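In what follows, a single structure is set out as structure tokens and then discussed.
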Amino acid sequence: MLNTIWFLMIFVGIVYGIITGNIEVINDAILGEAGEGVTLTISLIGIMSLWLGIMNIAEESGLMNSISQVFRPVVRILFPKIPRGHPAERWILMNFIANMLGMGNGATAFGLKAMKELDSLNPHRGRATNSMAMFLIINMSALQLIPLTIIKLRYDYGSSNPTAIVGPTILATTLSTIVAIIVGKLFEGGRS
Amino acid sequence: MIDIVSKGIVPIIILTIIGHGYVKGVDIYSAFIKGAGEGLKTAIRIMPYLIAILIAIGIFRGSSALEMFTDLLRPITNLLGIPEEIVPLIMIRPISGSGGLGIVRDIIGNYGPDSFPGWVAAIMMGSSETIFYTIALYFGSIGIKDHRHTLKAALISYAISIFITIFISGLYY
């Protein structure tokens, strides 16, 4: 499916660009974004190294395990296939917590680590497990509690109450995450 | 207040973790080095996926084909009661986070932060995530080719959450 979407985005983009005489912009996008991918990777190296280093301290000191124990029931319900006490449990929780706190790249580092741990439980190489799918579906439903960038934006444009969006945002985020979990669970068992 | 919280959270987390580790007698310096060593490998592994997805997004956004789709969909979105101003945001949000933020800035700039479109856009931006990028990156990092139901489920959830968000925004406005 990603195969088709990737093709369609590029195909429609280039064809539409040619028709509307926008081909200059397309050229800039091709060259610019390829470089952007490298720049982004390099900036990610630093942040990911930092967070993986810090979190490895928490892993060795047992702090990560203590935090995981508190939230373990959540993981047990969402990811019944993960063996109790498996590292995937802890990294998934670290990713969720980092996401809730709005630590974008830190969350990504823990999330990729969680995927690696989930793959160690994968009986079919190259094929997603229910746990992986559920983990990503939850991630893509947004978890961040306080949308700081948006509050800042509202403040900059002179809102009379920039933080007024916090309540409805948390409610919307919570409900959409619940929806995502239900939809994700409904699809489990499907083969395609 | 928000500013203090947002700036303080990362240093406090780091302080807590290394403080706890030190007290517990962990060789925190070596533990850090060992963990950090994985950062480089992880980042390099995801680079091809990042480039692939950024190029597709860049071409698609640059061509302004999105505006065409937004216009084509307008009768349907109007029928569904979706505020016209936020349709571009709904379209770009699953594709690009920075693109979504740019559109929120436009909406807030044009209609004002306390207008209804500005209000809905802000809440929608805060309660949604990029979808294609996340799937490409996370599955790419461990070489998963068969994504099964992941994308379908994410898109269906996103569609439902749009209506939830508009409804909640209306309740609180």
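Every read-out reported here was derived from the displayed coordinates using simple, explicitly stated rules and does not represent laboratory data. Just so you know, these numbers come straight off a predicted model, no measurement behind them. All Cβ positions, even for glycine, are placed from backbone atoms using ideal geometry, and neighbour counts span all protein chains on display.
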Item checked: Tilt relative to chain A, helix A:2-19 - C-alpha long axis, 0 to 90 degrees, to 10 -> 20 degrees
Next item on the list: Could you tell me what fraction of 2.2 N^0.38 Å the Cα radius of gyration of the range A:1-61 comes to, as a two-decimal ratio?
Entry: 1.80
Note to self: Are there DSSP H segments in chain B that both extend 27 Å or more along their axis (alpha-carbon positions) and score a mean Kyte-Doolittle hydropathy of at least 0.0? List them, or say none.
What the structure shows: B:2-23, B:28-62, B:150-172
Item checked: Contact order normalised by residue count of the range A:96-192, Cα under 8 Å, 6+ apart, percent -> 31 percent
Check: What range in chain B is the longest one free of trypsin sites (Lys or Arg not before Pro) that are in a loop by DSSP and have at most 16 other Cβ atoms within 10 angstrom?
Finding: B:25-144
Note to self: Could you tell me the relative contact order of chain B? Use alpha-carbon pairs under 8 Å, at least six residues apart, and round to a whole percent.
What the structure shows: 19 percent
Next item on the list: Compute the separation of the alpha-carbon centres of the range A:129-192 and the range B:124-152 and state it in Å as a whole number.
Entry: 14 Å
Notebook entry, point to check: How would you rank B:Ser98, B:Ser169, going from fewest to most other Cβ atoms within 10 Å of each one's own Cβ?
Noted result: B:Ser98, B:Ser169
Checklist line | C-alpha long axis of helix A:130-139 to longest principal axis of chain A, angle in ° | finding: 60 degrees
Notebook entry, point to check: What is the sum of charges around A:Ala29, taking Lys and Arg as +1, Asp and Glu as -1, for the other residues whose C-beta is under 13 Å from the C-beta of A:Ala29?
Noted result: -3
Next item on the list: Would you mind ranking A:His124, A:His86 by Cβ crowding within 10 Å, fewest neighbours first?
Entry: A:His124, A:His86
Next item on the list: Please list, in chain and number order, the residues 5+ apart from B:Ser128 or on another chain whose amide H is under 5 Å from its amide H, with Hs placed from the backbone.
Entry: none
Next item on the list: Could you list, in their original order, any pairs among A:Lys81/B:Lys152; A:Lys152/B:Lys7; A:Lys116/A:Lys185; A:Lys81/A:Lys185; A:Lys116/B:Lys145 whose Cα atoms are separated by more than 19 Å?
Entry: A:Lys81/B:Lys152; A:Lys116/A:Lys185
Note to self: Please arrange A:Lys81, A:Lys113 by how many other C-beta atoms lie within 10 Å of their C-beta, fewest to most.
What the structure shows: A:Lys81, A:Lys113
Margin query: Can you tell me, using C-alpha contacts under 8 Å and at least 6 residues apart, the relative contact order of chain A as a whole percent?
Written below: 15 percent
